[in-house]
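S.K.: Got a structure for you, written out below as structure tokens; questions coming shortly.
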């Protein structure tokens, strides 16, 4: 789709569909068919000839955004797609699927930057605002504010009036449940168990909301807490915490990316 004289938007369907109706769980992995790849090449070539920059959108991920959670999330033929997008100087790819807010660079400066928007259905009901000039893309993650559209009756609902706090509470409960299940068989005081549960819930929330680009000093401070030390005793939690503790790549909430 031609957006303006400078940009073309390309939407790709990366889902894998069954040939016939099935009562099995769907395949949540993704792959672009050869015909789609061929079509994409022609679209990229046409945009290049017209002097337009292409921006690509798809559901599955171009890159691995988490060391532990990536199978079924990264496109099956991601290497081939990365090569094609790099060839035609596509600067940015937008995707989703992992539900976490994360922005990742390619392995080289020539490869696209991938912006993954967190799911709108979970804390903080985030969405991306993109501003384009002929030479750059600016991205800002915003969080929904429902108060301006509430009816008089809805304003008496504390969950709606304090919507962000409500969404965070729901999300923390899920992360804390993960810790409770993992710590169940480990002998420790109730105080330590509670510290481990609360710590993993908060750490999980920070990762999914894109607030994990912390300094080495801040990461060291987290590791010194009782909650971290409790959770670190469990190998599965240790590996997961390591994968979400500190993002050393790009700021996940704001980016200014050259497009020429």
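S.K.: Being farther than 25 Å from residue 116 by Cβ and modelled with pLDDT of 95 or more is the requirement here; does residue 163 meet it? Break it down stepwise before answering.
M.R.: On the way: farther than 25 Å from residue 116 by Cβ: no; modelled with pLDDT of 95 or more: yes.
So residue 163 does not fit the description; no.
S.K.: Turning to a different aspect of this structure: Based on what the data block shows, is residue 42 over 20 Å from residue 119 (Cα atoms) and either touching a helix residue (DSSP H, G or I) at 6+ places or on another chain (Cβ under 7 Å) or not assigned by TED's automatic domain parsing to the domain that holds residue 87 (or both)? Steps first, answer last, please.
M.R.: On the way: over 20 Å from residue 119 (Cα atoms): yes; either touching a helix residue (DSSP H, G or I) at 6+ places or on another chain (Cβ under 7 Å) or not assigned by TED's automatic domain parsing to the domain that holds residue 87 (or both): no.
So residue 42 does not fit the description; no.
S.K.: Right, here's the next one. Which pairs turn up if I take residues in region 208-219 that are surrounded by 15 or more Cβ atoms within 10 Å (Cβ to Cβ) and look for partners that are not in a loop (DSSP other than H, G, I, E, B) with beta carbon separation below 6 Å, at least 6 apart in sequence or on another chain?
M.R.: 212/206
S.K.: Additional query: Could you check how many residues of region 1-15 are outside any strand (DSSP E or B) and either closer than 22 Å to residue 75 by Cα or touching a helix residue (DSSP H, G or I) at 6+ places or on another chain (Cβ under 8 Å) (or both)?
M.R.: First, the residues of region 1-15 that are outside any strand (DSSP E or B): 1, 3-6, 12-14.
The next check asks that each one be either closer than 22 Å to residue 75 by Cα or touching a helix residue (DSSP H, G or I) at 6+ places or on another chain (Cβ under 8 Å) (or both); those that pass are 12-14.
The qualifying residues number 3.
S.K.: Would you mention how many residues in region 236-256 are assigned to a helix (DSSP H, G or I), out of contact with any helix residue (DSSP H, G or I) (no Cβ under 7 Å at 6 or more places or on another chain) and crowded, with 18+ Cβ neighbours inside 10 Å?
M.R.: Of the residues in that region, 1 qualify.
S.K.: From the list 142, 136, pick out the single residue that is touching a strand residue (DSSP E or B) at 6+ places or on another chain (Cβ under 7 Å), within 30 Å of residue 260 (Cα to Cα), without any contact (Cβ under 8 Å) to a residue 40 or more places away in the chain and outside the structural domain of residue 57 (by TED's automatic domain parsing).
M.R.: On the way: 136 fails: without any contact (Cβ under 8 Å) to a residue 40 or more places away in the chain.
Answer to the selection: 142.
S.K.: Can residue 141 be described as surrounded by 15 or more Cβ atoms within 10 Å (Cβ to Cβ) and more than 30 Å from residue 53 (Cα to Cα)?
M.R.: On the way: surrounded by 15 or more Cβ atoms within 10 Å (Cβ to Cβ): yes; more than 30 Å from residue 53 (Cα to Cα): no.
Spelling it out, it is not the case that residue 141 is surrounded by 15 or more Cβ atoms within 10 Å (Cβ to Cβ) and more than 30 Å from residue 53 (Cα to Cα).
S.K.: Further question on the same structure: Just to be sure I understand, how many residues within region 157-196 are touching a residue at least 40 places away in the same chain (Cβ under 8 Å), over 26 Å from residue 235 (Cα atoms) and surrounded by 18 or more Cβ atoms within 10 Å (Cβ to Cβ)?
M.R.: 2
S.K.: Hey, can you tell me all the residues within region 45-63 that are surrounded by 15 or more Cβ atoms within 10 Å (Cβ to Cβ) and part of a loop (DSSP other than H, G, I, E, B)?
M.R.: 52, 58, 59, 60, 62, 63
The values are calculated or read from the model by the stated rules, or taken from the named source; none is laboratory data. Here the structure is a predicted model, which is why all the values come from computation and not from measurement. Cβ: placed from backbone, ideal geometry, glycine included. Neighbour counts: every protein chain shown.
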